[in-house]
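Undergrad: What follows is a structure written as structure tokens; I'll ask about it next.
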Amino acid sequence: DLEEGQEQRALLRRLEWAAGRLDARRIEHSVPAVGLNIASCSNGATSTSEVAAFPGKITLVDGELRHHETPSFGSSNHMATVLIDSHRIDSTKVSILNIRPPLNKSSVDTVRVEKLCKQLGYNFSLAPKGKVDSSETRIDVLLDEGDFGWEPTLYVLAHNPLDLIDRTHQLLSGLGGVSK
């Protein structure tokens, strides 16, 4: 199907462009130990194989964000699962990015994240171990507070990869730098 192939290539190009728009200075203290990734799918996607992401993650090298491979479909199972689960609930959300949430000593500063989301008009909800709460109707920001052997993660969602970067920069600016 030529039209589907064109749509997939366009989505992959938007992911590349979005990754290039990420501001390394803003995000440098928020790159998770497991690595940063951006994933996206088309409207109506129902399986993780329909989600494109960067294989091997996006990492910070010498102050610059680098990805070692171009985005491809079916390359990030965890991010794809969170995105598809979110997309089933809020069909407008087709893009996701993961960052490290702010900490208050050794635990996640959930109150700080929730307060900022409220100020920005974003729906906030908890997603323990990446499990999306199916009682939500709108999903903008998900917070996984982590667990033993499970890194805390802040998931930002948007209706396209470009808006995703703008939302991420807005959240990072509002958080005023994420503590280590």
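The values are calculated or read from the model by the stated rules, or taken from the named source; none is laboratory data. What you see is a predicted model, and the numbers here were worked out from it, not measured in a lab. Glycine gets a Cβ as well: all are built from the backbone with ideal geometry, and neighbour counts include every protein chain shown. Please note that ligands, DNA and RNA were not included when accessible areas were found on the heavy atoms of the full protein model with its side chains. Shrake-Rupley method; radii C 1.70, N 1.55, O 1.52, S 1.80 Å.
Undergrad: Return the only residue of Ser30, Ser75, Ser47 being more than 15 Å from the chain's Cα centre (by Cα) and either closer than 24 Å to Arg88 by Cα or buried (at least 16 other Cβ atoms within 10 Å of the Cβ) (or both).
TA: Result of the check over Ser30, Ser75, Ser47: Ser47.
Undergrad: Residue under question is Arg112, and the condition is that it be in contact with a helix residue (DSSP H, G or I) (Cβ under 8 Å, 6 or more places away or on another chain), in contact (Cβ under 8 Å) with a residue 60 or more places away in the chain, over 28 Å from Ser134 (Cβ atoms) and of a type in the set (D, E, K, R); does it hold?
TA: no
Undergrad: Turning to a different aspect of this structure: Is it true that Asp140 is at pLDDT 90 or above, of a type in the set (Asp, Glu), more than 13 Å from Pro101 (Cβ to Cβ) and under 14 Å from the mean Cα position of the chain (by Cα)?
TA: For Asp140, the condition - at pLDDT 90 or above, of a type in the set (Asp, Glu), more than 13 Å from Pro101 (Cβ to Cβ) and under 14 Å from the mean Cα position of the chain (by Cα) - is met.
Undergrad: Restricting to the range 85-115, count the residues that are part of a helix (DSSP H, G or I), surrounded by fewer than 20 Cβ atoms within 10 Å (Cβ to Cβ) and of a type in the set (A, V, I, L, M).
TA: Count: 2.
Undergrad: Moving on. Among the residues of the range 1-25, what is the count of those that are open to solvent by 20 Å² or more (accessible area, probe 1.4 Å) and either assigned to a loop (DSSP other than H, G, I, E, B) or among the hydroxyl-bearing types (Ser, Thr, Tyr) (or both)?
TA: Here the count works out to 2.
Undergrad: Do we find that Ala39 is among the small types (Gly, Ala, Ser) and buried (at least 20 other Cβ atoms within 10 Å of the Cβ) in this structure?
TA: Answer is yes for this residue.
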